[in-house]
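First comes the structure, then the notes that go with it.
Read the figures in this text as sums done on the coordinates, not as results from a lab. Since the structure is predicted, the reported quantities are computational estimates derived from the model, not experimental observations. Here the Cβ positions follow ideal geometry from the backbone for every residue, glycine too, while neighbour counts run over all protein chains shown.
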Amino acid sequence: MTEPSSSPWRHLQGFRADLLWFPDPQKPQLSHLQDGLLVTGQGADGIVRIVAIGPYKDIYPQWASQASAGPDAADFPVTHWPDRCIAPGFVDLHIHYPQTDVIGSPADGLLPWLEHYTFPHEKQFSDPAYARAVSGFFLDELMRHGVTTALCFATAHPESVDAFMTEARQRQLRMVTGKVLQDRHSPDGLRDTDTAESLRQTEDLIRRWHGVDRLGYAITPRFAPTSSAEQLHGAGEIAQQFPGVWIQSHVAENLDEIRWVQTLFPAARSYLDVYDRAGLLRPRAVYAHCIYLDDTDRQRMAEAGATAAVSPTSNLFLGSGFFDYPASDAAGLGYGLASDVGGGTSFSPFHTMHAAYTVARQSIGRAGISLAPEHLWWQHTAGAAQALDMAGQVGNLLPGCEADFVVLNPQATPLLARRTAQTETLAEWLFAMIVLGDDRLIAHTVVQGHTVQPGTPVT
Ligand code: GUN
Ligand code: ZN
């Protein structure tokens, strides 16, 4: 809880409901408060942040008088959602917007899936109008599922980045994306035919988009097999020149892919080492999958400050394998959850958390573990934010965090209502939502104080 001060927050408003948040963003432990109040206000930089969180009866009077004394001398509008629960907006650590229409395309593993469905489909994003239309649909779909921040692949076409950034900016979303770098082993129409030009395009897009409103840029080599060593090293040089931009790629997802990397980069100690030699391991570097890393790789990632995007629905759908949670924890490797749409099968964070639980239980050749529901939730909110180097900014409801959140309706379906009503502990309640939840559980998504699906305002 934060005391009202003389700080000049504008447009103070309150949201009254039950509250779910992480009091210590480093720890996967949730606080649950009945009849709470979340207060938001706009700072001098234009960003709407959470100003206070606490019991409604304690903090409403203080903030109502603060609002009337503030620069707006305004009322203190409060939106009340009885029987609902406000929780942090979800953070998706790895997703491909151009693969929205690739979801559910079956193939005999990653490489045939890329060749037969994904690469041909991605060629269409050279068309700016098409890229704008898909970007808009994709972002609305993310918000409908309660996802308010994502680290997202575009395609090799710079137009695909412009389209996504434009649509995300219109929606005031905090999003990170980048032009895919792929200058070999890719079809005409998707391949960078001039490596130097692909790197110039990357720099140009960084200058145009990184830090504009809530947008960030990610240097995006697709994966080692589709980039020449020259392109990877060029990407590493840009990463050094712009330490604030993100890096995203795929690593150690599939056994055929790994064998291919070994033949392409015989001098590298491991697949991860290909990126390391190119200067692509550093804080703000997020690698999807990280299934077939060894302990040296995990330690190297941890030491470099790079993190893993765990993508369980994708790994189950494509038959790639299982992320090793105990080994990652032992190495101190940071991670968070990702849908990896369209290899992944759902935009829903509940489906992803459920799949992560299932994957961690697998005991083929190792001891299965049971991830706690609070830990699963953390991996898709505050933990994912930490892996993105956005701790304290998104994925939580602590004062100072940006005001992006969801309103859960645990009565959304007959079965959810019945099952959640019979739970006795917070963990049981969270588990019921993780296993039974989908987009219907998200009653509203609030981005920067704007409710995407409005509730009933009361004062
Ligand atoms: N490896 C290289 N490209 C891709 C992609 O689009 N999806 C997944 N899952 N893995 C990849
Ligand atoms: Zn991916």
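Of the listed peptides 10-18, 92-100, what is their order by residue-averaged count of other C-beta atoms within 10 Å, with the highest listed first?
Per-residue mean Cβ counts within 10 Å order the peptides as 92-100, 10-18.
What distance in nm separates the simple spin-label points at T195 and Y130, each placed 7 Å from Cα in the Cβ direction?
Reported label-point gap for T195 and Y130 is 2.8 nm.
Please report, to two decimal places, log10 I(q)/I(0) for segment 8-51 at q = 0.16, 0.19, 0.23 Å⁻¹ as given by the Debye formula with identical point scatterers on the Cα atoms and no solvent.
Results for segment 8-51 at q = 0.16, 0.19, 0.23 Å⁻¹ read -0.53, -0.68, -0.83.
How high is the FRET efficiency between H11 and S31 when r is their beta carbon distance and R₀ equals 25 Å, given to the nearest 0.05?
E between H11 and S31, to the nearest 0.05, is 0.45.
Could you tell me, in Å, what Rg and Dmax come out for the Cα atoms of segment 341-459?
15.8, 58
Bins of 10 Å, beginning at zero and ending with the bin holding the largest distance: percent of Cα pairs per bin for the chain, please.
Here the calculated profile for the chain is 4, 22, 31, 25, 13, 4, 0.
Using 0.36 nm per residue, how much length does the chain from D140 to I47 gain when fully extended, once their Cα-Cα distance is taken away?
Going from the current span to full extension adds 31.4 nm.
Taking amide H positions as placed 1.01 Å from N in the peptide plane, with prolines and chain starts having none, which residues 5 or more places from G216, or on another chain, fall under 5 Å of its amide H?
Amide H neighbours of G216: M175, V176, T177, G211.
If packing is taken as the average count of other Cβ atoms within 10 Å, what order do 260-273, 75-88 fall into, highest mean first?
Output ranking for 260-273, 75-88: 75-88, 260-273.
Starting from the Cα-Cα distance between L426 and R259, subtract it from 0.36 nm times their residue separation and give me the gain in nm to one decimal.
The span from L426 to R259 would gain 55.6 nm if fully extended.
Packing-wise, with mean Cβ within 10 Å as the measure, how do 175-188, 394-407 rank, highest first?
Ranked by mean Cβ neighbours within 10 Å, highest first: 394-407, 175-188.
Which whole number of Å³ per residue matches the convex hull of the alpha-carbon atoms in segment 104-173?
99 Å³
Through the Karplus equation 6.51 cos²θ - 1.76 cosθ + 1.60, θ set to phi - 60°, convert the phi angles of segment 55-68 into ³J(HN,Hα) values in whole Hz; use x for Gly and Pro.
Karplus values, whole Hz, x for Gly and Pro: x, 3, 5, 7, 9, 4, x, 4, 7, 5, 6, 4, 4, 6.
Any chance you could run the full-extension gain for S363 through D188? It's 0.36 nm times the residue separation minus the Cα-Cα distance, nm to one decimal.
58.7 nm
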